[in-house]
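S.K.: Input: one structure, supplied below.
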Amino acid sequence: MEKRIDKIRHKVETEGEVFVTELSELYDVTEETIRRDLEKLKNEGVVTRTFGGAVLNTVNHKDHIHFFKRKSINIEEKRKIASMAVKAMPKMRTLMADNSTTVMEAMKLLKNKNNITTITFSAQIFQELDGSEMRVISTGGRYDEDTLSFQGNLAIDSISKYNVDVAFLSCKGLSFEGGLMDSTEGEAFLKSEMAKRANTVVLLADHTKFDQTAFVNFLSIDKLDYLITDEKPDDKWVDYCNENDIKLIY
């Protein structure tokens, strides 16, 4: 039972929604059994029950949504941010890119630039750039199937060997108290190392990330050179950026 519930948990975190009938057929158990499984996940705060199934409780579990699910969320905002980020960095020749879906949109705009070298721990970005004009270096490391990225000491050691013009980073949450935050230690360590190796640190974050928290802090806000978002943030953010020489673009 516990193994089945774990599989259901992974499925709903990956797809965002599950259905009793489908799960009953998939795991060859009665629909009543599946309803009890979903009730258990509901009591754990993982899902909200719906007619015929359940949906992921994204308020509490937004940090753990699979890459492919995240890719379709706020897509127009991400493309706007990506476009502004690329235009703001016309002279960069070397780049580090994290595994966020917003940075992925920026890499799509840069993929035919043959004068840029990109270092990334994202397997998805590496695949996107396959066959492009850009020179691409993958960090290697332990593969994480949920984030589609390479992690661990090998990836960190690889990043530490390079110095680049720009680091394109995103985050799960951003606040004055917590700085830039992510949902896992593995990704946080990699993003922190990327920031250390870049002359210019650029945060790509849509408006939903402001004044939000996540599990691990990986960078102080005052370490940013650029903060690029899709709409004007609160005046407190505008004032902070002005006071700390952070270029705010929206």
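S.K.: Roughly how many Å is it from the Cα centre of the range 91-158 to that of the range 183-250, as a whole number?
M.R.: 19
S.K.: Let me make sure I get this right: for the range 155-250, a, b and c are the square roots of the gyration tensor eigenvalues over alpha carbons, sorted descending. Under 1.5 in a/c it's rounded, otherwise prolate if a/b > b/c, else oblate. Which is it?
M.R.: The shape class here is oblate.
S.K.: Measure off, as a whole percent, the carbon and sulfur share of the 1.4 Å-probe accessible area of the chain, all protein chains present.
M.R.: 46
S.K.: Moving to a separate point now. With θ set to phi - 60°, apply the Karplus curve 6.51 cos²θ - 1.76 cosθ + 1.60 along the range 5-14 and write out the HN-Hα couplings as whole Hz, x wherever there is a Gly or Pro.
M.R.: 5, 4, 5, 5, 4, 5, 5, 6, 5, 7
S.K.: Fully extended, how many nm does the chain gain between residue 154 and residue 44 (0.36 nm per residue separation, minus their Cα-Cα distance)?
M.R.: Value of the extension gain: 36.1 nm.
S.K.: Using a probe radius of 1.4 Å on heavy atoms only, what accessible surface per residue do you get for the chain? Whole Å² is fine.
M.R.: I get 49 Å² per residue for this part.
S.K.: From the phi of every residue in the range 34-51, what ³J(HN,Hα) in whole Hz does the Karplus formula 6.51 cos²θ - 1.76 cosθ + 1.60 yield, where θ is phi - 60° and glycine or proline is x?
M.R.: Couplings: 5, 4, 5, 4, 5, 5, 5, 5, 5, 5, 7, x, 7, 10, 10, 6, 10, 5 Hz.
S.K.: Please work out whether the range 8-49 counts as rounded, prolate or oblate from its C-alpha gyration tensor, where a ≥ b ≥ c are the square roots of the eigenvalues and a/c under 1.5 means rounded, while otherwise a/b larger than b/c means prolate and anything else oblate?
M.R.: Oblate, since a/c reaches 1.5 and b/c is not below a/b.
S.K.: Read through the labelled values (1) 1.02; (2) 1.07; (3) 0.98 and report the label of the one computed as Rg/Rh (Cα atoms, Kirkwood Rh) from the structure.
M.R.: So the structure-derived entry is (1).
The values are calculated or read from the model by the stated rules, or taken from the named source; none is laboratory data. All figures in this text were calculated on a predicted structure; none of them were measured in a lab. We work out accessible area using only protein heavy atoms, side chains counted, and drop any ligands, DNA or RNA first. Shrake-Rupley method; radii C 1.70, N 1.55, O 1.52, S 1.80 Å.
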